[in-house]
């Protein structure tokens, strides 16, 4: 029976179509089940009462916005699949550096990698049979291994690239933020007010940096110490310049030195570093341009210069050789 299916193109297409319909039906019913459970849970919460209060009359139940990713992760874990990574703290720091701050982000990331590892090999094998080819077991094995490795490492590369872009955007806007903060401090504002003002001013030009400053302001208003808030900002940003900036402010506060003078010195240093990075990129351009010049333009120039000489030599030499 299996040999008959392999030999017949129509039978293979029918089997693949049935398999596709089965997968679609399974995904549909699982989605309906998850959605139905979420709706039932919301109705039960509403019926139980969402205004539980303590003795002082304050609300004990926080409003939590739950997305479909959260429901999907919870459904998968209830099915028996553990999505908690053994390196959860390291993974959480990487995701925060990339901009994913949700508490369920590590579990969603693990679910995406697991799904990609399973789905990509199935898609590759299905596409191969749809083309009508009959690959050998060795080719099928290597195609499966390569597609599974791609599903395992592509999400990690995506997170790393996004984190690098965020760090670059924060570094590029940091000197301007220091200049604005220096102006605020010299005008008589405190550190908390200066952070708040600079964050509002840079909300459009550098939103990532404004988000970091806004988080510091919220933590300070919530009662967290200045040292702890600054260190947490450095950990969230994951940038050496901001980490050094936080250390400078903490040391200035402890030693009682002038915050304005510290900001002025560090702002000048950051501007010099930004100019040096721009000069470094400018100096790298000739080296980078030499590769396309040598690979593309040099052969054309050699051909343009040498072809007329070769043609003239052939016209002169062939009659001479024929006359002999």
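Measuring r between the beta carbons of residue 261 and residue 283 and using R0 = 45 Å, the FRET efficiency lands at 0.85. Mean projected area of the convex hull spanned by the Cα atoms of segment 251-300, taken over all viewing directions: 4.3 nm². Using the average count of surrounding beta-carbon atoms within 10 Å as a protection proxy, the listed peptides 274-286, 115-127, 241-253 rank, highest first, as 241-253, 115-127, 274-286. Once you reduce segment 259-311 and segment 229-246 to the center of their Cα atoms, the two points are 31 Å from each other.
Computed across segment 168-275, the Kirkwood radius stands at 13.6 Å (inverse of mean 1/r, all Cα pairs). Cβ-Cβ distance of residue 150 and residue 224, R₀ of 41 Å, FRET efficiency by 1/(1 + (r/R0)^6): the value works out to about 0.45.
The numbers here are math on the coordinates, done by the rules we state, and not lab data. Here the structure is a predicted model, which means the values were calculated and not measured. Every residue, glycine among them, receives a Cβ derived from its backbone with ideal geometry; neighbour counts consider all protein chains shown.
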